[in-house]
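**Q** I am attaching a structure below and will ask some questions about it afterwards.
Values in this text are rule-based calculations from the coordinates and carry no lab data. It should be emphasised that the depicted structure is a prediction, and the values quoted were computed from it without experimental measurement. As a convention, Cβ positions derive from the backbone with ideal geometry for all residues, glycine included, and neighbour counts pool all protein chains shown.
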Amino acid sequence: MSLAFCGNDNNSAAYNVDTGVLNNGCFLDALTVVPHVFLLFITFPILFIGWGSQSSKVHIHHSTWLHFPGHNLRWILTFILLFIIVCEIAEGIVSDGFNQSVHLHLYMPSCLAFMAAITSIVFYHNIETSNFPKLLMTLLIYWVLAFVSKTIKFFKYTEHGIGLRQLRFGITGLLMLLYGLLLAVEINVILRRRYMCFAHPTEVKPPEDLQDLGVRFLQPFVNLLSKSTYWWMNTFITAAHRRPIDLKVIGKLPIAMRALTNYLKLSEAFEAQKRPQGTLLQGPKCIWTALRQAFGRPLFLSITYRFMADLLGFAGPLCISGIVHHLSKENHTIQPPHLGIYFISSQEFLANAYVLAVLLFFALLLQRTFLQASYYVAIETGINLRGAIQTKIFNKIMHLCTANMSMGGMTVGQICNLVAVDTNQLMWFFFLCPNLFAMPVQIIVGVILLYYLLGISALIGATVITLLAPVQYFVATKLSDAQKSTLEYSSERLKKTNELLRGIKLLKLYAWEHIFCSSVEETRRKELTSLQTFALYTSISMCMYVYFKIVKGFC
């Protein structure tokens, strides 16, 4: 079969331009090729012959420090743009199957758009690492041309009565919106950096962290793709594979992740709760409010990532069900042509098993990405929280008078529990907090999908989960009580041990060793009994957790 850009069907309306060139669908697709060819033609010589890092105005030992305004937004919009373009390519290939001959204009411009989108983000990354923003003028022209061509195509579709029932209309509208947003991001860079049309450009200095040669933790300074894949850690992993690494090789933490920085942030949150009289609010509410103000934003971000990961987790079973349902089905209904070409609907597009397989791949990829991002943010926030609280406790201890220590107002055991145990419990609470908010979503959405697939029988599993909820609450309450009693016995044992060691000379003199030893051993036995109770309820809780995971797997 011979190939033709507009197809070689007999009496094809694809070549008909009697009503105007812009009313021809093939020409509209050819018009969208112009911006992509322009970008590929301009950027390839620059990327492969280009300027390198010698044109950088700011020389620093790290090449990842500079982020233009709207850096993360640009990367997110580019990722969405790539996904929509892949959908456009798939839509063109599927719709081409309804024609008698091959119409290259249905998917070839989309392939060029995909190449141009990848080239634009690579080009932008090289401009950032080289700190040469004047070359962003090329991207500005590209976004303008792409936005104008997609706008013309979108409004021509509207004139010919093509609406949301046709998938290509929705894809064109989304692409027009994305190109417009990327154009707005580019204009924002011009206004913020003043590299064009302004007499005095904005000077950009390296971050204070990267001016220190000892800082090698680059997670806050790399681009979004490297953050999500931890690509910047390959150097450490390769070095650790060759030889053992030490703290000197790992380097220092950035300023934002140090205990002193987080302590000051927490102290500011406490100070912000002072009344007009200058007194500070007391009680647990004050503590939780300060923690929310100091560390609530990253925790909310982690919960959001977890929600998105859980929702994408349900896309896998739906795609597999659709593949099984539509694999042996053939759908070749012929629709009336518009602009000389055929348009397929969203239902016909999602009825294709190959399309569902690609969507399944992207869903699993995004689900794992959001899941690990949620874990990372939660763990980082928990560690920062622990460092801040430990520093605040140590600062409080240093201001305590000796009477509090000698009169029993604050024992060594209580201090050890506060520093070592309680702070770890708060850290683990932040680790597991996204799960606390995500579990109801998993249960509700899972039951709805089961009811959609299985009918009334799905309510049996929901009833079992509902009946086990009070049992879980009872186990969690007993677990908390056992942990509290364990900490009390641990504090008492440490207090008695401290007294024994301080008065060891007197105990030896009066032969009281066995009496005090028996008292310490008795407290230790109570502590072990409490630990056994804690382990028992932990085992019950883990068994119920495994049961819920099995139920979720069946869902």
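**Q** Could you compute the FRET efficiency for Tyr545 and Leu301, with r as their C-beta to C-beta distance and R0 at 35 Å, rounded to 0.05? Each step should come with its number before you reach the end.
**A** Numbers: r = 25 Å, r/R0 = 0.72.
Efficiency at R0 = 35 Å is approximately 0.90.
**Q** When only alpha-carbon atoms count, how far does region 453-536 stretch along each of its three principal axes, as whole angstroms with the largest first?
**A** Largest first, region 453-536 extends 80, 16, 15 Å along its Cα principal axes.
**Q** Same structure, new question: Could I have the simple spin-label model distance between Val34 and Leu509, label points 7 Å from Cα toward Cβ, reported in nm to one decimal?
**A** Rounded to a tenth, the inter-label distance reads 10.2 nm.
**Q** For Phe198 and Thr466, compute 0.36 nm times the residue count separating them, minus their Cα-Cα distance, and round to one decimal in nm.
**A** 90.0 nm is the gain from fully extending Phe198 to Thr466.
**Q** Note down the nm distance, to one decimal, between modelled labels 7 Å out along Cα→Cβ at Leu536 and at Tyr230.
**A** 3.9 nm
**Q** Sticking with this structure for a sec: How much length would be gained if the chain were fully extended between Glu521 and Ser457, taking 0.36 nm per residue of separation minus their Cα-Cα distance, in nm to one decimal? If you can, show how the numbers build up before the last one.
**A** Numbers: separation 64, 0.36 × 64 = 23.04 nm, distance 5.58 nm.
17.5 nm is the gain from fully extending Glu521 to Ser457.
**Q** How do the peptides 203-210, 124-131 rank, highest first, by the average count of neighbouring beta carbon atoms within 10 Å per residue? Each step should come with its number before you reach the end.
**A** Details: 203-210: 14.4, 124-131: 19.2.
Ranked by mean Cβ neighbours within 10 Å, highest first: 124-131, 203-210.
**Q** Here's another thing I want to ask about it. Which FRET efficiency value, to the nearest 0.05, is calculated for Leu364 and Val445 with the Förster distance at 25 angstrom and r the Cβ-Cβ distance?
**A** Values: r = 17 Å, r/R0 = 0.68.
So, using R0 = 25 Å, E works out to roughly 0.90.
**Q** Going by amide H atoms built from the backbone, whose H comes under 5 Å of the H on Val215, apart from near neighbours?
**A** Lys252
**Q** Still on this structure, I have one more. Could you check the simple spin-label distance between Leu164 and Ile255, using points 7 Å along Cα→Cβ, in nm with one decimal?
**A** Between Leu164 and Ile255, the simple spin-label model gives 4.9 nm.
**Q** For an R0 of 30 angstrom, estimate the FRET efficiency from the Cβ-Cβ distance between Ala353 and Phe44 and round to the nearest 0.05.
**A** Numbers: r = 37 Å, r/R0 = 1.22.
After rounding to 0.05, the efficiency reads 0.25.
**Q** What is the gain in length, in nm to one decimal, between Gln219 and Ile152 on full extension, counting 0.36 nm per residue of separation less the C-alpha to C-alpha distance? Before the final figure, lay out the partial values.
**A** Details: separation 67, 0.36 × 67 = 24.12 nm, distance 4.14 nm.
Contour length minus the Cα-Cα distance gives 20.0 nm.
**Q** Separate question: So which of Lys392/Lys505; Lys205/Lys252; Lys205/Lys285 end up more than 32 Å apart, counting from Cα to Cα? Numbers along the way, then the final one.
**A** On the way: Lys392/Lys505 36 Å; Lys205/Lys252 21 Å; Lys205/Lys285 41 Å.
Correct reply: Lys392/Lys505; Lys205/Lys285.
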